[in-house]
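The values are calculated or read from the model by the stated rules, or taken from the named source; none is laboratory data. These numbers come from a predicted model, not from an experiment. Backbone-built Cβ (ideal geometry, glycine too); neighbour counts: all protein chains shown. Surface areas here come from the heavy atoms of the whole protein model, side chains and all, with no ligands, DNA or RNA. Shrake-Rupley method; radii C 1.70, N 1.55, O 1.52, S 1.80 Å.
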Amino acid sequence: QEATRDVLRETSELRGLKVVREVASGAQSRPEIERMLIANLNESTTPEEMRASEVALKKFGLAPADFQLRPFIIAVLTEQIAGYYDPKRQTFYLADWVDLEGLQPVIAHELTHALQDQHFNLRQFENWPKHDSDAELAAQALVEGDATVLMMQYVMKNPARALALFKSMGNTSSEQLDRAPRALRETLMFPYEQGMMFAAQVHRRGG
């Protein structure tokens, strides 16, 4: 909790958003994070919708015939998540198998989400209108792009953070993401990569 408090204070200064309230934090095991992902997936997407997306990917030749979308999504997200902010509980969770020092930039990213939530209410994006996936992806890119730009600023303040982050990333598997069909891999990365570019342009203009 003390480490979270220190990173939150610096994140608040970099982002220019005041801390409205302290952010609760905790650690979760890989099975606990997987259960969270499954619960969120069940809440946001019906089995019929997931199946329709899977069939569409196959029909357009974007995934192999034996590809199973739901198990893949769960596996790749469980592999990639080192921490996350839960707007429902207003709590930040860090994976209990990662190096705390190396993941400080990731903590800064997730605590940016906490600041976003305190000022702009992230839960407004939870019940997006159906059949408006492009707009939903754009909103997600704004949220993630903002946090990714902040993470880069946090790293640039101290070169030692960059070295620790790269060392930590070197010990992290990306097997599931590397095996993903290209269309899915690019969709998963879009909010972070393209969102960061958009947010950086806004930031340079003083936004």
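Structure summary
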quantity: The chain: antiparallel DSSP beta bridges as a percent of all, rounded to 5; calculated: 45
quantity: Accessible-area value, His203, 1.4 Å probe, nucleic acids and ligands omitted, Å²; calculated: 90
quantity: Rounded to the nearest 10 Å², the accessible area of Asp96 at probe 1.4 Å; calculated: 90
quantity: Exposure ranking of His131, His119 by accessible area [1.4 Å probe, largest first]; calculated: His131, His119
quantity: Simple spin-label estimate for Arg185 and Gln68 in nanometres, 7 Å along Cα-Cβ; calculated: 2.2
quantity: For Gly83, distant residues with modelled amide H under 5 Å away; calculated: Ala95
quantity: Part-to-part distance (alpha-carbon centres) for segment 44-62 and segment 176-203, which is given in Å; calculated: 20
quantity: Tilt relative to the chain, helix 30-44 - C-alpha long axis, 0 to 90 degrees, to 10; calculated: 60
quantity: 5 angstrom amide H check on Ala24, placed H, neighbours 5+ away; calculated: Phe92
